[in-house]
Amino acid sequence: MDALMIGISGMRGTIGATLTPEAVSRMAAAFARYLKESARPLNGSHFRVVFGRDSRPSGPFVRDAAAAALCASGIEVIDLDIVTTPGVAMMVRHTQADAGIVATASHNPIQWNGLKFLTSEGIAPPPQAAARIRALYDENQPQYVRIDQIIPPSRNSETHALHVKRVLDRVDVLGISTKRFKVVLDSVNGAGCVSSATLLSKLGCQVVHLNNTPNGRFPHEPEPTEANLTDLAAEVKRQRASIGFAQDPDADRLAIVDENGRYIGEEYSLALCAKLVLSKKPGVAVANLSTSRMIDDIAQQYGSRVVRTPVGEANVVQGMLANDAIIGGEGNGGVIDARIVPGRDSLVGMAYVLQLMAETGKPLSQLVAEIPAYTIVKTKFECRREDADRAVAALKEHFAKEKVDTQDGIRIDWDQAWVHARPSNTEPIMRIIAEAPDEATAQQRITEVRAVVDKVLGKA
């Protein structure tokens, strides 16, 4: 798994193997060329890029290699140092930058790193833009400038304080503070250590902070899944805490443990936040096609509606902006309030869940029990893109009597279940996700879909 992965949001690779200083510099130079050919500088004279990184030990060399190529291309670089991915998205707009770059590999292990690109809106580039950046990378013809056009990089240390302030401005600080919630937080020694602890303290919480040094030395596999959060669950029980929160290394995803030490699943992060927001003001919520139906149940309860988008954070944000949505996100623990940050933000998730608990006076376990429960089953198999397209066409014809959505592969909805089958954007595989009230029903629906796919691919 040492391949250099280049996709819609940027690139990832392994240190000492595929993610070399040369590869990083080449990709940053390609991004600089893309900026110059696609738009005019917002400030009228030169392009400006904010650059942040998560806490990985490889972060400084990735930053330095990228910054060197950007500066050599005549781009102004503002170094934010170790900050969260949502923090970078926020600072793109705050500094009136033309773009942002985050050195991160999200939830991948320590040997991985990468570059994630953000537009002037603070969101991932659209597919056509990503394709152009990849083409420029492959072309490998950097456009470096003369000495008189080079702009020295600068530093900006506002990110953490500004991010916390923007979240606090959206919640009832006094109402939460009076509850004095005891919170156990696992920041996995990632970029969320500083801002998250500050936020919780300002919300009057008693904070027990695990893995709170932003050095990138992950104490466990950094993806916030149940198997990786046994220590958090045990500490919540030991501390008799009200709730446990877990972040990934760049702090855009949030997983939650209830007061009994039970991992409730990343799908509930968005569901609980939607419950808070929509209960106050009915409106539009946006989620991708692979996100749980829980958000539809909550929206219906509060006279609201859900708009579905293709998978991908940028697609969700664009859907939110187009529909003036008041909440959105993805089922991987990604909560989005575009008024604060145009992207997934674990700080937003933590603050909104705490406010829901404060306003209702209910423990987290009860709030979760009040949301209809579903089981999600996922599978994938090798499949060339052209074969996947044929499979989607066959599924559309076979399930023509059902409710189907073909924005991203195909999603088929029944009264009690749905299946989303889609080809990967980065690998020759097809993913199938099903949700139903129980695992048996979800698996049955996957079997039905897979039978159609196998027939059209000659595997039946």
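Using just its DSSP H runs of length 4 or more, each adding -39500 (n - 2.57), the chain gives a mean residue ellipticity at 222 nm of -11500 deg cm²/dmol after division by all residues.
One chain, two ends: K459 and D138. Fully extended at 0.36 nm per residue, the span grows by 112.0 nm beyond their Cα-Cα distance.
Taking the inverse of the mean reciprocal distance over all distinct Cα pairs, the Kirkwood hydrodynamic radius of region 5-158 comes to 15.0 Å.
Sorting the segments 283-296, 235-248, 387-400 by their residues' average number of neighbouring beta-carbon atoms within 10 angstrom, most packed first, yields 283-296, 235-248, 387-400. Over the Cα atoms of region 176-369, the radius of gyration divided by the Kirkwood radius equals 0.95; this is the Rg/Rh ratio. Measuring spread by the Cα atoms of region 375-456 yields a radius of gyration and Dmax of 11.7, 33 Å. Between Q416 and K396, the simple spin-label model (points 7 angstrom out along Cα→Cβ) gives 3.0 nm. The residue among I298, G312, P282 whose Cα reaches farthest toward the positive pole of the charge dipole of region 279-319, with charges on the beta-carbon of Lys, Arg, Asp and Glu, is P282.
The dipole here belongs to region 1-86: it is taken about the Cα centre, uses +1 on the Cβ of Lys and Arg and -1 on the Cβ of Asp and Glu, and is about 220 debye. When peptides 301-310, 126-135 are ranked by their average number of other Cβ atoms within 10 Å per residue, the highest-first order is 301-310, 126-135.
Compactness of region 273-379 is given as radius of gyration and Dmax, 13.1, 39 Å, from Cα positions. Helices assigned as whole DSSP H runs in the chain whose Cα atoms extend at least 15 Å along their own long axis and whose mean Kyte-Doolittle hydropathy is -1.0 or higher are found at 21-38, 59-72, 127-139, 267-280, 346-360, 439-456. Hey, how much of the P(r) for the chain falls beyond 39 Å, as a percent of Cα pairs? Distances greater than 39 Å cover 21 percent of the Cα pairs. Placing unit charges on the Cβ atoms only, positive for Lys and Arg and negative for Asp and Glu, gives region 5-158 a dipole magnitude near 160 debye about its Cα centre. Rounded to the nearest 20 debye, the dipole magnitude of the chain is 540 debye, with +1 charges on Lys and Arg beta carbons, -1 on Asp and Glu beta carbons, and the Cα centre as origin.
Read the figures in this text as sums done on the coordinates, not as results from a lab. Given the structure is predicted, the values throughout are model-derived calculations rather than measurements. Every residue, glycine as well, gets a Cβ built from its backbone with ideal geometry; the counts of neighbours run over all protein chains shown.
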